[in-house]
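Quick notes on the structure that follows.
What follows is calculated from the coordinates using simple rules that are stated; it is not laboratory data. Bear in mind that the values here come from a model prediction, so they are computed numbers and not experimental data. Here the Cβ is made from the backbone with ideal geometry for all residues, glycine too, and neighbour counts use every protein chain on show.
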């Protein structure tokens, strides 16, 4: 079931002060009526099973019937760094990565990136990406919305993630020296945390100097397979492979 995100300060005495935007969506788009139920999640995170107790043109009231904390899941915390893609391709990656449970998405400006950031559109672009991530998190029933970074440089990203134990850099021509399952098992043997950092190149792939830099910063080169994939396809394939690997390690 979809969830809708609120802030904890909107709750008082088990009644939720629904903002105008969400009230319009629930009343006029979903056409929820008095007596129907839905889920809300706040930033702590707590999930609330709510019932519509008043729906009119001027007021929309939700009353909390039950609340719960997040389940104990053995899921990895995944950060995805991906070369900035053009237009709707980036929107699509953010949407699908959110549905797959990524915790943080970092668009990167790499040497072969075609779509360069435009300062006069940064705010608009970021709002659009945040909207895409929020709607995807709601649709997939997540407990949180992933963090979404502003576009940044590859070297800065590698420096920031240098201390992480499990880091993969996916590239077409990477030598397949070790299976993903073995990499994950060795990582878990040396650390109790399920943290993974993945790097996916842009449409043009990685430059040789970027590949060498990734190795210097401790990234393991890994190939997804013999076929040349589009960047957005590679991102989803890599995420699925890593999640499956953690679940079956």
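Taking Cα atoms, how many degrees apart are the long axis of helix 180-190 and the longest axis of the chain, rounded to 10 and kept between 0 and 90? It works out to around 80 degrees. Overall form of segment 61-174: oblate. Here a/c, set by the Cα gyration tensor axes a ≥ b ≥ c, is 1.5 or more, and a/b is not larger than b/c. Note on segment 80-94 and segment 193-243: Cα centroid distance 14 Å, given to the nearest whole angstrom.
Annotation for residue 12 and residue 144: the two label points, set 7 Å from Cα along the Cα-Cβ direction, are 2.8 nm apart.
Each DSSP beta bridge with both residues in segment 1-81 is either parallel or antiparallel, and the antiparallel ones are about 85%.
Can you work out the base-10 log of I(q)/I(0) for the chain at q = 0.08, 0.09, 0.10 1/Å, using the Debye formula on its C-alpha atoms alone? Rounded to two decimals, the profile gives -0.38, -0.47, -0.57.
Using just its DSSP H runs of length 4 or more, each adding -39500 (n - 2.57), the chain gives a mean residue ellipticity at 222 nm of -10000 deg cm²/dmol after division by all residues. Build a GNM of the chain with springs between Cα atoms under 10 Å apart, and of 23, 196, 162 the one that fluctuates most is 23. If you take the square roots of the eigenvalues of the alpha-carbon gyration tensor of segment 55-125 and sort them as a ≥ b ≥ c, do you get rounded (a/c under 1.5), prolate (a/b over b/c) or oblate? Oblate, because a/c is 1.5 or more while a/b does not exceed b/c.
So what does log10 I(q)/I(0) come out to for segment 6-115 at q = 0.14, 0.21, 0.23 Å⁻¹, using the Debye formula with one equal point on every Cα and no solvent? Once normalised to I(0) and log-transformed, intensities are -0.76, -1.05, -1.15.
Percent antiparallel among DSSP beta bridges with both residues in the chain, to the nearest 5? Rounded to the nearest five, the antiparallel share is 40 percent. Pull out a ≥ b ≥ c, the square roots of the eigenvalues of the alpha-carbon gyration tensor of segment 3-68, then state rounded if a/c is under 1.5, prolate if not and a/b is larger than b/c, and oblate in the remaining case. Judged from the Cα gyration tensor, segment 3-68 comes out prolate (a/c at least 1.5, a/b above b/c). Counted by neighbouring Cβ atoms within 10 Å, the residues 72, 182, 160 run from fewest to most as 72, 182, 160.
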